[in-house]
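The values are calculated or read from the model by the stated rules, or taken from the named source; none is laboratory data. Every value quoted in this text rests on a predicted model; they were computed, and no experiment measured them. Note that each Cβ is placed from the backbone with ideal geometry, even for glycine, and that neighbours are counted across all protein chains shown. For the accessible areas, the whole protein counts, side chains as well, though only heavy atoms, and no ligand, DNA or RNA atoms are used. Shrake-Rupley method; radii C 1.70, N 1.55, O 1.52, S 1.80 Å.
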Amino acid sequence: MLQAKAASKRSSVGVGGGARAALATPARSALSRLASAVRPGALASAAACAALALGCGPGAMPASVRHPLVGGAAPEFHAESTAAVTVGVPGTRRTRVTVIDFWASWCASCSRTMPALDRLWRDRKADGVAVIGVNVDASETAAEAAAYELGATFPIVADLDQRLTGTYGVAQVPLTFVVDGAGTVRWVGRDPASARRAVEVLLSERSSNPRARSAFE
């Protein structure tokens, strides 16, 4: 009885060489017919979907630091930058993502964050990405000098009275907020690479739903 069960188990798990060959030929034929019936564009789309599944796309939103604004509405503000341009939240009609970075001239980590965010802004501003640097120095001159030294070309707001710093609950710089087109804070953190990834995820979400309207429109 045990021998019969063992034989039955082997026959259900393993397939002999002749059986494999018999199964392989119809399977190849079926795949060949399927490939000839599918349009090249559909194959390209399938390949793109497979690439996303394997992690080649923007992927999931990176983890945020613990902050009360994550998942909530970004506090609205409009302020004049050091270049005399008004910026803020909500942004313009074409704003799809807003990045707000709180920084200071004396902040060592900001020397890494600011250039990275400037590259992000130059790479993605044509896609509706706005980057705003909020400087917490006591002098607008110090803010301008530090931004120039760090090569930051995006708008800088001098928060001389610390009003924005308090409104956004910033206790330590650098601290970066990524806000989506609906005005929701989707990511908060200190790593510029994660900030870029958060922006890419939001741009991907908007591209997958082109009819979605921004709260700023």
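Worth pointing out:
- Chain lengthening between T92 and D161 when straightened (0.36 nm per residue, less Cα-Cα): 22.3 nm
- Cα shape, region 99-197, gyration tensor, a/c 1.5 rule: oblate
- Here the dipole of region 137-196 is about 320 debye; that uses its Cα centre as origin and unit charges on the Cβ of Lys and Arg (positive) and Asp and Glu (negative).
- Under 15 Å, Cβ to Cβ, from V188 - net charge with Lys/Arg +1 and Asp/Glu -1: +2
- With both labels modelled 7 Å from their Cα along Cα-to-Cβ, the R66 to A145 distance reads 3.9 nm.
- In Hz, Karplus ³J(HN,Hα) per residue of region 184-190 (6.51, -1.76, 1.60; θ = phi - 60°; x = Gly, Pro): 9, 6, 9, 8, 9, x, 10
- For region 91-217, the solvent-accessible area with a 1.4 angstrom probe is 45 square angstrom per residue.
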